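Structure record follows, encoded as structure tokens.
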């Protein structure tokens, strides 16, 4: 069935508006997550918790970061998976395109049980790898991470298995165990920082 020209434009506009609402809804959720994360950092920049950078500086490094120093009364902990990516290398978005794999985190081995984590995905860049169009990130990115399921007001000990694929002329699987300890209050966090220096976390890149 052919569509008259007079009918085509209104239909196209309605279709574009529907697609825009879906994209805008997703974009807004990411903006809100980023806003909460950045707001937390701005208030506790000197105290925010993080694991050490791990990985190969010539390829990519990653760490867990927290916008808060302690759990307090928070039901959702505003964390982030931060990447520093060497020039020429890229990591992938949640929907990578025709090739690639997005970063993932497995919290199942965390000493604090029943943790549920949701990664948020900032707007990616489009790039070409091996002749395929893909979506992802380069240079530096923080993927906001909402963590729930902990006992509110209690200490949270996180051990997350991270996997990512980093690509340039070749692709390198990167994996490692990232750990983060958040006490129940800020005063305890300060005491822990004075008494115990950071312990390095295992992280390595496999060349395939």
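The values are calculated or read from the model by the stated rules, or taken from the named source; none is laboratory data. Please read all numbers here as calculations on a predicted model, not as lab measurements. When we count neighbours, we look across all protein chains shown, and the Cβ atoms used for this are built from the backbone with ideal geometry, even at glycine.
Annotations for the structure displayed:
- The residues of the range 41-93 that are surrounded by fewer than 22 Cβ atoms within 10 Å (Cβ to Cβ), modelled with pLDDT under 90 and not in a loop (DSSP other than H, G, I, E, B), listed by number, are 41, 42, 43, 54, 56.
- Qualifying residue in the range 134-147 (condition: farther than 18 Å from residue 51 by Cβ, surrounded by fewer than 16 Cβ atoms within 10 Å (Cβ to Cβ) and modelled with pLDDT of 90 or more): yes
- Selected residue (criterion: modelled with the lowest pLDDT) from residues of the range 113-130 that are part of a loop (DSSP other than H, G, I, E, B) and over 18 Å from residue 81 (Cα atoms): 130
- Scanning the range 142-168 for residues that are outside any strand (DSSP E or B) and free of Cβ contacts under 8 Å to residues at least 60 places away in the same chain gives 149, 151.
- Tally of residues being surrounded by 19 or more Cβ atoms within 10 Å (Cβ to Cβ) and within 24 Å of residue 167 (Cβ to Cβ) across the range 106-128: 3
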